[in-house]
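Only the coordinates and a few stated rules stand behind these numbers; no lab work does. What you see is a predicted model; the values in this text were computed from it and never measured. Here the Cβ positions follow ideal geometry from the backbone for every residue, glycine too, while neighbour counts run over all protein chains shown.
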Ligand code: C2O
C-alpha cells in the first residue's frame, strides 16, 4: 500500500454531492509555485490555546472578527483570502485533484485521511488569521457541542464577518444542536435533547470506537481499486450530522455548511472542526496516547496548503500527529459524555 497525495497540476472541475459541476481550482495552480516541506513552528514561539467558544470574552471576539474581516478583504489572488481558504475544502473534498500518477480522484473524506487533513487545514487557517492581526498567540475557538453549555451555535457567529446567511433558521442560537439529526426535527425538550446528545457522544467516542479503524475510518491508500469507503464514528456524527444541521434547508444542497464545496465558507466551520480535532486528541489520550496507526501509507500521505506567509507547503500526516509540536493546545472542557453510557 502506498501513501496518497494530490497531483496539483491536475486540478479540474469536480462534482458536488448533488452532481453539479463546480470549479474550485486556484487561478495559479500551485505546481507553478515553489513548494517547501513543512517545518514545525519554533518550539520557543508562544503557544496558541484554543478555547471553548461559549467561554471566550469580548476582546477575543473583536479580535477574531477583525482577523476574518481582513482575510475576506485580501485579494483573491492571495491564497490566504477567505474564499480561497474555503475552496481548499472544495478541492480536497469533491475530488478536484487526481492522485499522483493516477487518474483516480483524491478525496479525503470517508477514510483515515479525515482527521489529519482537517487538522492541517485549520492549523494553517489559524496561523493566517493570527498573522493578519499581528498576534502569534491567536487561536481558533472550538464549538464545544459535546458539552451542554456549548451545544448551540456560538452567538458571535451571528454577526459581522463571522455571520453566514445560509444557515437553517430553525437552528440558530439559542437552539441547541441535535447531533442525531436526520433532516427532521427531533421534537425533544431541552433536557432530553442533551441526554440524547451525550449518549451518542459516548457511543462515538467510547463504546463504538474501541477499534482504531472504527474511529479513524478505513485505510485509503494510493491507487486503490474501489476506494475504501468507511467513515469513522465521529466523522459520521456529530461531524456530518452537524454540517447538515447548520446548513440552510432552503438551499439545494444544504449550502453552506451542508455541502462539501461550500462548507468552509461559513466561519463556524473552523470552530466545528476545532472541536472535531480536539476529540481526536481526547480519544487518543483515552487510549494512552499510543500511536493510532503506524502504517507508512498513512504516515507518508501528504497534502499541500499555503502557510501564513502565502508559501506553499507540503505536509505529511506524520507531521500532524502531535499537536504540541504544532504549537497549539486545547483549554480543557469537561467530558460529560464520558459517563453517559446509554
Ligand atoms: Cu471536510 Cu467538516 O468537512
Next item on the list: Quick one: grab the alpha carbon gyration tensor of region 219-342, order the square roots of its eigenvalues as a ≥ b ≥ c, and give me rounded if a/c is under 1.5, else prolate or oblate depending on whether a/b is larger than b/c.
Entry: rounded
Next item on the list: Would you mind calculating the gained length between residue 240 and residue 77 on full extension (0.36 nm times residue separation, minus the Cα-Cα distance), in nm to one decimal?
Entry: 55.6 nm
Notebook entry, point to check: Among the DSSP beta bridges whose two residues both lie in the chain, what percent are antiparallel, rounded to the nearest 5?
Noted result: 65
Note to self: How far apart, in nanometres, would the label points at residue 69 and residue 338 be if each is projected 7 angstrom from Cα along the Cα-to-Cβ direction?
What the structure shows: 4.0
Margin query: Which residue fluctuates most in the GNM of the chain (Cα springs below 10 Å): 227, 249, 57?
Written below: 57
Item checked: Gain on full stretching of the segment that runs from residue 101 to residue 13 - 0.36 nm per residue minus C-alpha separation -> 29.8 nm
Notebook entry, point to check: Regarding the chain, what whole-number volume in Å³ per residue does the convex hull of its Cα atoms give?
Noted result: 131
Next item on the list: Would you kindly calculate the translational diffusion coefficient of region 70-156, applying Stokes-Einstein with the Kirkwood radius from alpha carbon pairs, for 20 °C and a viscosity of 1.002 mPa s, and quote it in µm² s⁻¹ without decimals?
Entry: 141
Next item on the list: Give the residues of region 43-80 whose amide nitrogen is closer than 20 Å to a point set 7 Å from the Cα of residue 324 in the direction of its Cβ.
Entry: 43-51
Notebook entry, point to check: Hey, what did the chain get for relative contact order, percent, Cα under 8 Å, at least 6 apart?
Noted result: 29
Note to self: Need the full-extension length gain, residue 40 to residue 183, defined as separation in residues times 0.36 nm minus the C-alpha distance. One decimal, nm.
What the structure shows: 47.3 nm
